[in-house]
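A.B. asks: Okay, handing you the structure first.
The values are calculated or read from the model by the stated rules, or taken from the named source; none is laboratory data. The shown structure was predicted, so the numbers you read here are calculated from the model rather than taken from an experiment. Reconstructed Cβ throughout: ideal geometry from the backbone, glycine too, with neighbour counts over all protein chains shown. When the accessible area is computed, the model is the full protein with side chains, heavy atoms only, and any ligands, DNA or RNA have been set aside. Shrake-Rupley method; radii C 1.70, N 1.55, O 1.52, S 1.80 Å.
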Amino acid sequence: MALLGGATYGQMDTLKYKVFVGTWNVGGISPTDDLNMEDWLDTDRSSYDIYVLGFQEIVPLSARNVLGPEKSKISTKWNSLIGTTLNKSLPDQKRSNKSEPAHHHQVYNVEEGGCRRVSNGRKFRCIMSKQMVGIFVSLWVRDDLSNYISYPSVSCIGCGIMGCLRNKGSVSLRFWLHETSFCFVCCHLASGGKKGDEVHRNADFMDILSRTCFCSDSSVDLPKKILDHDRVVLFGDLNYRISMTDGKTRSLVEQKEWSILLDGDQLRFELSEGRAFEGWNEGAITFSPTYKYLPNSDEYCWYAQGRRGEKSRAPAWCDRILWVGEGLKQSRYERCESKLSDHRAVRAVFTAEADVLKLMNPMDGFFFVA
């Protein structure tokens, strides 16, 4: 490709980045100031280039919260904890305010269609965050990468009560990294453990795919729908349960026979039958069911018959991470063990490819990344 009147030429190259995706239904419980998030964010063992973190039920799904004005206090607190955890080892954190999180629903640091150069590349900065009632998504990247992120956008879909209220639904974030588009969809789908409830979850998923639309004032022809993007990750409390009798489920859970128990997993069955998630990928599940626990306990609520205020629920893998699109390779898929809520957090690690335009001055043959 010739640029600048033939003075500069370009070709495409590929760079690889480590992307961390996490999901956690926190059950309407506010985080304490000293909540330890290092286990979930894996800051002791590894460092990633991009973190995409999705929460469900950061506030109780009461009528007041669903119908009333958005309350940003809790999402701001979660963002503050994320920023403190990711930047904990930086020696200059106390002297700089650059690691302070974004406002809970704002996009910043990059203009639509442009980018902003920053320094101190190992610091993590919140590029986008958005709350919709109990769903909250936060995107953090290394400072030096924010120079290459453009066209950020957010789309929210409510598909709860009456098919439109925002007690259930999705918050989707999209952006371009170099010349490649990414879309991350955080969902909280219909609940319910009765036979046939999976049909409502399928409908929510299809509704999110069809109604999500990213708007842009840019003159550039940008993808508007979720599946128009190059790399797509969907994650959250998808709420799919296990279709087995209580007795068989109990026996398999006690024996930790996860592979057999997964034969009754509704999500996998719906996918195999082509009713939902056709063409999507999910890594091998080797961890125990993530729901439903007694808070501050390793005991499933299923075993807590008669405990006041706790509904008995059969264990299930409600919290999932799936992806679609070439250029994404998953290396880890696992749950974490914080006992804050009745769900366990889940994380996945991907190697993501991004196309990069390399420019060359024909006079000296020197290439550099645009």
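A.B. asks: Does segment 159-230 classify as rounded, prolate or oblate by the C-alpha gyration tensor (a ≥ b ≥ c root eigenvalues; a/c under 1.5 gives rounded; else a/b over b/c gives prolate, otherwise oblate)?
C.D. replies: Since a/c reaches 1.5 and a/b is larger than b/c, the shape of segment 159-230 is classed as prolate.
A.B. asks: How big is D for segment 239-357, in µm² s⁻¹ as a whole number, if Stokes-Einstein is applied with the Kirkwood radius of its Cα pairs at 25 °C and 0.890 mPa s?
C.D. replies: Details: Rh = 15.7 Å.
Answer from the Stokes-Einstein relation: 156 µm²/s.
A.B. asks: Here is a further query. Applying a 10 Å radius around every beta-carbon, put 149-156, 166-173, 279-286, 343-350 in order of their mean neighbour count, most first. Please report the intermediate quantities before stating the final value.
C.D. replies: Working: 149-156: 20.4, 166-173: 25.6, 279-286: 14.4, 343-350: 24.0.
Per-residue Cβ counts within 10 Å, averaged per peptide and sorted highest first, yield 166-173, 343-350, 149-156, 279-286.
A.B. asks: Follow-up question, since we're still on this one. Please work out the ratio of the alpha-carbon Rg of segment 34-85 to 2.2 N^0.38 Å and round it to two decimals.
C.D. replies: Numbers: Rg = 13.8 Å, N = 52, 2.2 N^0.38 = 9.9 Å.
Against the empirical 2.2 N^0.38 Å value, I get 1.40 for segment 34-85.
A.B. asks: Using the basic label-point model (7 angstrom from Cα toward the beta carbon), what is the N281 to E179 distance in nanometres?
C.D. replies: Once both label points are built, they end up 2.2 nm from each other.
A.B. asks: If you don't mind, another one. Of the heavy-atom accessible surface of segment 126-233 (probe 1.4 angstrom), what whole percent is carbon and sulfur? Before the final figure, lay out the partial values.
C.D. replies: Values: 1900 of 3600 Å².
For segment 126-233, the apolar C and S fraction of the accessible surface comes to 53 percent.
A.B. asks: Once you have the alpha carbon radius of gyration of segment 115-266, what is it after dividing by 2.2 N^0.38 Å, with N set to its residue count? Provide the component values of the computation, followed by the final result.
C.D. replies: Working: Rg = 19.0 Å, N = 152, 2.2 N^0.38 = 14.8 Å.
Compactness ratio reported: 1.28.
A.B. asks: When the Karplus curve 6.51 cos²θ - 1.76 cosθ + 1.60 is applied with θ = phi - 60°, which whole-Hz ³J(HN,Hα) does each residue of segment 272-286 get, with x for Gly and Pro?
C.D. replies: Per residue, the Karplus-derived 3J(HN,Hα) values read 5, 8, x, 8, 6, 6, 5, x, 7, 10, 9, x, 5, 8, 10 Hz.
A.B. asks: I've got another one for you. With 19 Å as the limit, write out which pairs from K77/K130; K292/K339; K71/K225; K194/K248; K73/K130; K195/K248 have Cα-Cα distances beyond it, or answer none.
C.D. replies: On the way: K77/K130 13 Å; K292/K339 11 Å; K71/K225 28 Å; K194/K248 16 Å; K73/K130 13 Å; K195/K248 16 Å.
Over 19 Å Cα-Cα: K71/K225.
A.B. asks: Note the direction-averaged projected area, equal to a quarter of the hull surface, for the Cα convex hull of segment 189-254, in nm². Display every interim value, and only then the final one.
C.D. replies: Working: hull surface 25.1 nm².
Result: 6.3 nm².
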